[in-house]
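The structure under discussion appears below in the form of structure tokens.
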Amino acid sequence: MGTKQFIGIDFGTTNTAVFEYTTDESGITNQRILSETGTSNTAFPSIMAITNDNSRGLIGSKVKNEKERLSETHTIIKSFKSYLNEEAPITINGAPISPVKLVSYYLQAVKKQISKVYNIDISEASFSYPVDFGATARRQLAAAAEDAGINVTSMISESTAAYLACRDSIGVYQNVMVIDWGGGTLDMSIFKIDNNKVFEKSIYGIKFGGDDIDVLLAERMHAYINRNAADSIKKCSFEDMPQNDKGKLISLCEEAKIEISNSQEDYIATLKSYGDYGTRNFVISVDEFEEIVSPVIRTKVVPAIAEALKRAGMTPSSIDAVIIAGGSSKLSSFMNAVMNIFGQDKIFCPVDLALSKSTIERNRINTRGGVQFVSAKGAAFSLTLGDGFKLNEGVGILMSDDSVYPLFKGQQDGEGASVELTFSLVEDTQDAHFIITNESGTHVYDKFIVPTKGFLRENLKVNATITKYQTILLNVNNQMMSDKLKDTSREITGMTMYYDLSNSE
């Protein structure tokens, strides 16, 4: 049988984590994080410095730690994960580059560094993805990975991957929620657990994370700098500042956010060479930081948690355990809000998320690499499941009599399952309305219109396939239409999944 390798990659907005499982001939499993240096438990910072002629670039900690110096000869690019789902190229140093190629450059560098440090070649991996990642973004991520020489064998949502990584550390619970708040997104999954069977009851996410807080804090600090600048200085709004200067202030505010979250002490800042303002010194107090963070926790995070519960048909009292993940979860306002909703005894978090003012002593999760690696670890573990993922609920087409015609069955159909069906019109019309729902018709995944000639015997051929990206690729063909109009294709997302852990290797 030989040794089997399973790699999980969490390509994050702020950091990128890589985790490896291996099993030997005797069935013994080994696991390790694959870090930038091989000696630390830190992930690769998701940051690049590209030379001004676009000829070469650097990634990782060197760029993060020396970005001010490098910005003189390089263009610093952060949070480039957010570019995925965009078709238009990005302009860097006056030259266009596609989002796929930009991410590919980064993943190539990560792969090369891991090969150098660990002497292993990452040729295939499972990737975790944010819940709100659409089909285009998932395919672009896969294309970027494959361009970097990494075959994407499967995908799994970040919050579900976090549960798989932590499941052995929290004990046996029936209803479990994962809240994963990272640099770019807030992702949530709610599960029903039955022995080794994991049923996603709801998945929900919003595009709001730590990066957004960095910008809010930077805008506040820029306003302070404006108010205290000499009259002789030409003042401008934060948005009108040169890109590199905005980046400097945002990076400083990110550092302040991290330090304040860890120490709960005021942050003394020095901002060097900030455009016409020059070097500025100021203090970001804990109280001022909380004035910025608390409202967004109240208006964005808390309603998102409520929506995830609503979609699962649950209330806070029906949740038995809550797993906290993601670097932004270190914010005390966030942790306090979660404890106010669920109660402290239900909260589980990796040891490196424990806060001085809200430490969860009893429910610490000891997972290798801590919070940065839980999604990568879960993605790697998902590859050990013999059956992979299956749909938790059936998916079908809503008919004119409000019944649902099944396309796929829940807990039976998974990656690679396909179906071919033929439908006909029930009335003389110039278009056919397709509504894709869950098996009960209570949740709509997609709606679209297919052009028709209006003949009652007009046949519409439907082909649907479940992909490794946890999407359903659907095509409707009408041979009576012209070549330009005869095919209508959609890729469906938002379905909940089912995992049987009893078949893991």
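The values are calculated or read from the model by the stated rules, or taken from the named source; none is laboratory data. All values derive from a computational prediction rather than experimental measurement. Cβ placement follows ideal geometry from the backbone for every residue including glycine, while neighbour counts extend to all protein chains displayed.
Some values worked out for this structure:
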item	result
Subset of the stretch 406-441 that is among the hydroxyl-bearing types (Ser, Thr, Tyr) and more than 30 Å from residue 385 (Cα to Cα) - its residue that is surrounded by the fewest Cβ atoms within 10 Å (Cβ to Cβ)	422
Lone qualifier among 289, 282 - being within 12 Å of residue 331 (Cα to Cα) and in contact with a helix residue (DSSP H, G or I) (Cβ under 9 Å, 6 or more places away or on another chain)	289
Only listed residue being modelled with pLDDT of 95 or more and assigned to a helix (DSSP H, G or I), chosen from 377, 310	310
Counted residues, the stretch 218-243 - those being closer than 26 Å to residue 77 by Cα and in contact with a Gly (Cβ under 9 Å, 6 or more places away or on another chain)	3
Within the stretch 253-266, considering residues that are under 25 Å from residue 77 (Cα atoms) and without any contact (Cβ under 8 Å) to a residue 24 or more places away in the chain, the one surrounded by the fewest Cβ atoms within 10 Å (Cβ to Cβ)	255
Filter result for the condition that a residue is outside any strand (DSSP E or B), in the same structural domain as residue 158 (by TED's automatic domain parsing), polar (S, T, N, Q) and modelled with pLDDT under 85, over 82, 40	40
Residue check, residue 68 touching a helix residue (DSSP H, G or I) at 6+ places or on another chain (Cβ under 7 Å), farther than 18 Å from residue 144 by Cβ and surrounded by 14 or more Cβ atoms within 10 Å (Cβ to Cβ)	yes
Total residues in the stretch 297-317, condition touching a strand residue (DSSP E or B) at 6+ places or on another chain (Cβ under 8 Å), surrounded by fewer than 14 Cβ atoms within 10 Å (Cβ to Cβ) and within 23 Å of residue 350 (Cα to Cα)	0
Options 345, 413; residue that is within 25 Å of the chain's Cα centre (by Cα), at pLDDT 80 or above and of a type in the set (D, E, K, R)	413
Scan of the stretch 143-162 for residues that are assigned to a helix (DSSP H, G or I), under 14 Å from the mean Cα position of the chain (by Cα) and of a type outside the set (S, T, N, Q), ordered by number	158, 161, 162
Selected residue [in contact with a helix residue (DSSP H, G or I) (Cβ under 9 Å, 6 or more places away or on another chain), closer than 21 Å to residue 101 by Cβ and at pLDDT below 85] from 51, 75	75
Members of the stretch 470-496 found to be among the aliphatic types (A, V, I, L, M), in a strand (DSSP E or B) and exposed (fewer than 15 other Cβ atoms within 10 Å of the Cβ), listed by number	none
Scan of the stretch 81-99 for residues that are among the hydrophobic types (A, V, I, L, M, F, W, C) and buried (at least 21 other Cβ atoms within 10 Å of the Cβ), ordered by number	84
